[in-house]
Amino acid sequence: MARRSTKTPPPDDSYEEKILDIDVVDEMQGSFLEYAYSVIYSRALPDARDGMKPVHRRIVYQMNEMGLRPDRGYVKCARVVGEVMGKLHPHGDASIYDALVRMAQPFSMRVPLVDGHGNFGSLGNDDPPAAMRYTESRMTEATSLMTESIDEDTVDFAPNYDGQEREPVTLPAAFPNLLVNGASGIAVGMATNMPPHNLREVVAAARHLIRYPNADLDALMKHVPGPDLPTGGRIVGLPGIRDAYETGRGSFKIRATVTVEDVTARRKGLVVTELPFTVGPEKVIGKIKDLVGSKKLQGIADVKDLTDRAHGLRLVIEIKNGFVPEAVLEQLYKLTPMEESFGINNVALVDGQPLTLGLKELLEVYLDHRFNVVRRRSEFRRGKRRDRLHLVEGLLTALVDIDEVIRLIRSSENSAQAKQRLMERFSLSDIQTQYILDTPLRRLTKFDRIELEAEKDRLNEEIEELTRILDSDAELRKLVSAELAAVAKKFGNDRRTLLLESAGTPAAVVPLQVADDPCRVLLSATGLLARTVNDAPLADDGKRVKHDVIVSSAPATARGEIGVVTSAGRLLRLNVVDLPQLPEQMPTPNLSGGAPVAEFVSLEDDEQVVCLTTLDESSPGLALGTEQGVVKRVVPDYPSNKEELEVITLKEGDRIVGAVELRTGDEDLVFITDDAQLLRYPAAQVRPQGRPAGGMAGVKVTEGAKVICFTAVDPAVDAMVFTVAGSRGTLDDSVQTTAKLTPFDQYPRKGRATGGVRCQRFLKGEDCLSLAWAGPTPARAAQKNGTAVSLPEADPRRDGSGVSLQRTVSVVAGPVQA
């Protein structure tokens, strides 16, 4: 293979080599300045007049040229991007599509300029927009205002990047887009970051400035008190906003809108419905999980994103029991994007120069632009109407002597001669004469003459009105103000962002965790559990409400534990802080704000909670009574490492019917059987036993009978015995017959394991007790649904018969003991 020669060919004699010596420093400075100016002027900074960067302006203008108006169908975004890139924007398609997407996002723009169809992304860009080949778009009605009257010589045009097309230097902009939608961009050596504002407020400030050109900042801020973000939220720090409106630079904090709600029966939660501007829920969730995992944030149980199209943003943050939601919220504000700072930097182009502008300067630049647009529009319209009037007047002149006109035309050798003869005969201009010659004969009727005369009068009126506007600065300003008012009325809406002077109570003032204060845990007859704010005695003013029969209570502390004794002989530990807290002002024992006991402990199908107890091992312990007549005093031994304890070994088929925590050990234990026998004896007759023991004989139960009530009563207090008679065949509440209320001291003490004495005499149709209770007064009775029931008058006869009740009784209980 032949080898190619690598020798340099001899230089051509006709070519003259020229080498320029350029200093590298000078070249770098010049090139950098040229590049910086290009970025500032052609890419990164918005124009203060229409509030748009070149890419946004080109998108809006090209969509208008393509006819993508709101009343027409959508087209592929790829088509719009292609038209903009091919004709006007000498950059990549990605930047064009990104700008188009942002103009279609209602959470980015206060007044969206693109009507998007498809996936245009989500808040915080958690869900990126679909590719431009999948999405469609068209102009919104507000975008039409940006290009309105652009074909009436209202703005200047300049050549595009290759000189083959022309594009507007700025748009007419019928509303202050820069303030309403804000802007952000990073140039070379400078940047802009402007928040959105409310259209109504900005227009009100602009109209005030039109009327009072020397208005100060305070007067303008009465109309524009602060930014109004598309995502709502709360702005904290008004002094920073004033600084920005005065100097063009300032900062403020944006906080999420959060409410404290009961998210479950057991827990409170923070419900977030609005997030700071440009912050998405995924960003917040991710940050919370990172902080919880690193143990920098406490009190968070779970975070759920329940956002949907029907209800909007809804982020639920469940708070662990024992933590104050308000204090956790302050930590979230401090450590997560639920509070973000926004630095205002009002840098915009004014006559091609980047300037930092305050609120008044921004409004003045926009209004000057709008005055110029309306002035040029009026001059254009007046010129068009004058041209039309000139033609109409010429045609009317010809119609006055139409026969002569026709004769001159017919007798002429050619059209040029006819044109010349008409101009000389009727003193017409060249344009008028040509228009007459081009007018068909059918337009020369008597009716058309009437129409032309009416058109002439209308044109004269319009020319006079436009001249009045152009000759009077006051009329021009009045017209601009009226047009702005019409825009605000049509497109304005209410403020979304709440303005706050300060953040309120500092987090340090609110403790993070619930204090371990004394309280009382309550169990209602309907199976609801709750805790009180403190351990003060509950009021008993005689008022009755549903769910107000409290069958058991236990003193505790907010961060302590209590025991739950079940009918299966189990004692289950329960954290007090997990229970819902009742309102501090509770006039009567009312657990309507409680939660079902099944929310806190797992019970078998036939297992019930019989009482609450403290886990104090210095107390006299529990007293238990079973259905078969067994009694037991339990030695208070509750190992802290066990969540479930066995307090009695039950015989097969037996169950606990009653349990009570003894306070002094001097109480009397009381058994009541369904054959109407009551046995009372001192608790001292029962020897305390360990937890696994099976107890001892407590009451002698006759064959076929069973214990229906077991309790302990302090003989030193006033107490009553309440019994309800029924039939063994139908022990339903609906067939109760008679009830009896008897003082407790009418029943004598007997020995343990004896049969006791009769507590109610059965009437005809009665053969058993369906309900029995013994305890301190006043007794409170209720139906199954908690409705209060009045008890009969006390009967001093211990073995007397009962009296009829107006309502059935399902449960009876005494007052909550302190």
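Below, the figures for the structure above:
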quantity: Sole residue being over 28 Å from Ile300 (Cα atoms), aliphatic (A, V, I, L, M) and touching a residue at least 12 places away in the same chain (Cβ under 8 Å), chosen from Val263, Val203, Val236; calculated: Val203
quantity: Selection status of Thr664, assigned to a loop (DSSP other than H, G, I, E, B) and either surrounded by 17 or more Cβ atoms within 10 Å (Cβ to Cβ) or not small (Gly, Ala, Ser) (or both); calculated: yes
quantity: Criterion violated by Ala772 - all others in (1) out of contact with any helix residue (DSSP H, G or I) (no Cβ under 7 Å at 6 or more places or on another chain); (2) in contact (Cβ under 8 Å) with a residue 12 or more places away in the chain; (3) assigned to a loop (DSSP other than H, G, I, E, B) satisfied; calculated: (3)
quantity: Any hit, the range 185-194, residues being more than 17 Å from Gln62 (Cβ to Cβ) and surrounded by 22 or more Cβ atoms within 10 Å (Cβ to Cβ); calculated: yes
quantity: Qualifying positions in the range 727-752 - buried (at least 16 other Cβ atoms within 10 Å of the Cβ) and either at pLDDT 85 or above or touching a Phe, Trp or Tyr at 6+ places or on another chain (Cβ under 8 Å) (or both); calculated: Thr738, Ala739, Lys740, Leu741, Thr742, Phe744, Gln746, Tyr747, Lys750, Arg752
quantity: Residues that are surrounded by 15 or more Cβ atoms within 10 Å (Cβ to Cβ) and free of Cβ contacts under 8 Å to residues at least 60 places away in the same chain, drawn from the range 449-464; calculated: Arg449
quantity: Search result, residues across the range 123-142 that are in contact (Cβ under 8 Å) with a residue 60 or more places away in the chain and either in contact with a Pro (Cβ under 8 Å, 6 or more places away or on another chain) or assigned to a strand (DSSP E or B) (or both); calculated: Leu123, Gly124, Asp126, Glu136, Ser137, Arg138, Met139, Thr140, Glu141, Ala142
quantity: Helices (runs of 4 or more DSSP H) fully within the range 210-296 counting 1 or more residues that are in contact with a strand residue (DSSP E or B) (Cβ under 9 Å, 6 or more places away or on another chain); calculated: 238-247, 281-293
quantity: Tally, over the range 64-107, of residues that are in contact with a His (Cβ under 9 Å, 6 or more places away or on another chain) and either over 16 Å from Ala131 (Cα atoms) or not in a helix (DSSP H, G or I) (or both); calculated: 2
quantity: Hits in the range 139-173 (condition: closer than 19 Å to Leu45 by Cβ and exposed (fewer than 14 other Cβ atoms within 10 Å of the Cβ)); calculated: Asp156, Ala158, Tyr161
quantity: Search result, residues across the range 314-355 that are of a type in the set (Val, Ile, Thr) and in a loop (DSSP other than H, G, I, E, B); calculated: Val324, Thr336
quantity: Residues satisfying the stated conditions in the range 756-810, i.e. surrounded by fewer than 16 Cβ atoms within 10 Å (Cβ to Cβ), among the charged types (D, E, K, R), within 60 Å of the chain's Cα centre (by Cα) and under 25 Å from Gly625 (Cβ atoms); calculated: Lys784
quantity: Residues that are within 17 Å of the chain's Cα centre (by Cα), assigned to a strand (DSSP E or B) and either buried (at least 16 other Cβ atoms within 10 Å of the Cβ) or not small (Gly, Ala, Ser) (or both), drawn from the range 297-313; calculated: Val303, Lys304, Asp305, Asp308
quantity: Checklist (1) within 21 Å of Leu650 (Cα to Cα); (2) without any contact (Cβ under 8 Å) to a residue 12 or more places away in the chain applied to Lys764, failing item; calculated: (1)
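A quick yes/no check of all residues on (1) modelled with pLDDT of 65 or more; (2) in a loop (DSSP other than H, G, I, E, B); (3) not assigned by TED's automatic domain parsing to the domain that holds Leu523:
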{"position": "Gly542", "(1), (2), (3)": "no, yes, no"}
{"position": "Ala554", "(1), (2), (3)": "yes, no, no"}
{"position": "Val564", "(1), (2), (3)": "yes, no, no"}
{"position": "Glu584", "(1), (2), (3)": "yes, yes, no"}
{"position": "Pro587", "(1), (2), (3)": "no, yes, no"}
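The values are calculated or read from the model by the stated rules, or taken from the named source; none is laboratory data. Note that the structure is a prediction, hence the values are computed from the model and not measured. Cβ: placed from backbone, ideal geometry, glycine included. Neighbour counts: every protein chain shown.
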